[in-house]
1. Net charge within 11 Å of V283 by Cβ-Cβ distance, Lys/Arg positive one each and Asp/Glu negative one each, not counting V283 itself?
2. What do you reckon, how do Y160, Y442 stack up by accessible area (1.4 Å probe), largest on top?
3. Return the distance in nm (one decimal) between the two label points of a simple spin-label model at E488 and V476, each offset 7 Å from Cα along Cα→Cβ.
4. What is the sum of charges around L93, taking Lys and Arg as +1, Asp and Glu as -1, for the other residues whose C-beta is under 13 Å from the C-beta of L93?
5. Where only protein heavy atoms count, and the probe is 1.4 Å, what is the accessible area per residue for segment 17-107 in Å²?
6. State the percentage of accessible surface on segment 51-107 attributable to carbon and sulfur atoms; use a 1.4 Å probe and exclude ligands, DNA and RNA.
7. Can you give the FRET efficiency to the nearest 0.05 for L451 and I401, using r as the Cβ-Cβ distance and R₀ = 22 Å?
8. Using r as the Cβ-Cβ distance of V441 and D41, and R0 as 60 Å, what FRET efficiency do you calculate, to the nearest 0.05?
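The values are calculated or read from the model by the stated rules, or taken from the named source; none is laboratory data. On a predicted model such as this, the values are computed, not experimentally measured, just so you know. All Cβ positions, glycine included, derive from the backbone under ideal geometry; neighbour counts span all protein chains shown. Accessible surface is based on the protein model in full, side chains and every heavy atom, while ligands, DNA and RNA are left aside. Shrake-Rupley method; radii C 1.70, N 1.55, O 1.52, S 1.80 Å.
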Amino acid sequence: MPPETTEAAALRGAILAASTAGAAGRAVSSVADYLRRHAGDHPRAFFADALPSLLFRVFVASPDSPSFIDLAAGDPALAELLASLLAPSGPLLAAVSAADRHALLRFVFPPERLPDWLRLVLSSATAASSSSSSSSDEVSSPLLAGRVDSELHLSVFEYYLFWFAYYPISAATAKATGMAAARAPKIPPSISEQSLKSLGRIESWMSTLGSSAGRNLGQKLESSLYLKLLYSYLKEFVPSGCVPPRNMGGTLLHRTVNDGIDAAESFRRAEFFVHTLIQFWLVGDDFSPLPVQTCRAYGLPLLSLQSHANATLVERPPAPGLGDAVKLFVMYMNRINASVDIDAPNVFEGISSWREACNSPVGYWNPLIQRPLYRFLLRTFLFCPMGVEIKNVAQVFSAWIVYMEPWKAQKDDLDAYDLPPPGCHNVHRVTEGKRQVSEAVYSPEWENFVLSNYLFYSSLVVHFLGFAHKFIHSDVSSVLQMVSKVSE
């Protein structure tokens, strides 16, 4: 057995065996050291053997331990090691980029962890019969561009992004799987089902995105490691002004001879990242993921989606912490000011009519987010089961408020999510009293944004009031605070 294969197998064993913060830290350090020693070698064995195990343990709980991200919430040393490894300039993403340049291998993401509708499309005979049409794939989602029959064949970078996006919904996936298993006949579970059920054991996951352990009273809560990574990836992969060039060609993450990424490839990477977050977080289990006219125009499996809806339309609570991630995503996308010309190509044919209406400070990306976000909020308010954690709904509510008031977003709001330099602590932020002086207010330049997103200010308010009436006795204080805030 080649030495690199033996070393990769040893790394894999150490990663899977890590059940404490200390063991996870040693495993992460070993991975970082391995990648630095093999920076120019691009060992295929690492990506084929160690990388899938690393991503699973970083972002998903094992039967015996929380995920590494969860463990890092109570261990600053592990958090610093993970931040150094996973940062955009860190050794892991550098190795991932090199592997894709050399086309070392492709991955298939576990189908049971894909968003419901993507899994349905991949398994649909109708979708399979139209898989030769690249235009229908592009309209459905750029994520389907790598489809081979009923599988998505992902580059190493795409594979990493899928695991990253899966983290905030992993707890909800496990809970839904456990509830379905409780209602189903008792049969021997498969290995994949056992791994999903194990996620539900990690109840401490709820505190990882807002943990207050070890902080002084009155001190502002620090952002979680996951949110800091999310912000760093948004800045790196979706920079301000990242818009589609008129003639795009090539493949995702393809680099030129000079090892640089041109405008078309930079946009393709940004588009894939944005759509990954949208599909995993906002679309997810939506029974109507695309506009009806789009499905009909491109022959997409509308009937299959409708029959699927009848079987799966159940009450599902929002995943713990998902609202905070969506809030940061919305804040960033509303702030990057990615305006484009009216003739620039759009991804969804069904929203082309919104281009003129969205000639606002939000620009190109807003139409991509608008419908999925609206339906995500609508499902939250309509289908929350009794007994849901109100704080999880409050996080989703905050994302809605941030979306409706983009003019209030300030750079300091996003700076709080910056990854600190290695070995350094977060700098002190401006106090609330000083910030209120410069707080922005609505101005006429936002009129088109409000008009093009009018349902967020009208019908969604009605659905929210119905939610508030239903849950007023669950947490009177929190619900009344939300009602007061939306009334303002």
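1. On the way: positive: R371, R375, R379; negative: D116, D285, D286.
Around V283, the surrounding residues sum to 0.
2. Final ranking, largest accessible area leading: Y442, Y160.
3. 2.2 nm
4. On the way: positive: R101, R269; negative: D100, E158, E236.
With Lys, Arg at +1 and Asp, Glu at -1, the neighbours total -1.
5. Numbers: 3370 Å² over 91 residues.
Here the per-residue accessible area is 37 Å².
6. Result for segment 51-107: 58 percent of the exposed heavy-atom area is carbon or sulfur.
7. E between L451 and I401, to the nearest 0.05, is 0.75.
8. Details: r = 56 Å, r/R0 = 0.93.
It comes to 0.60.
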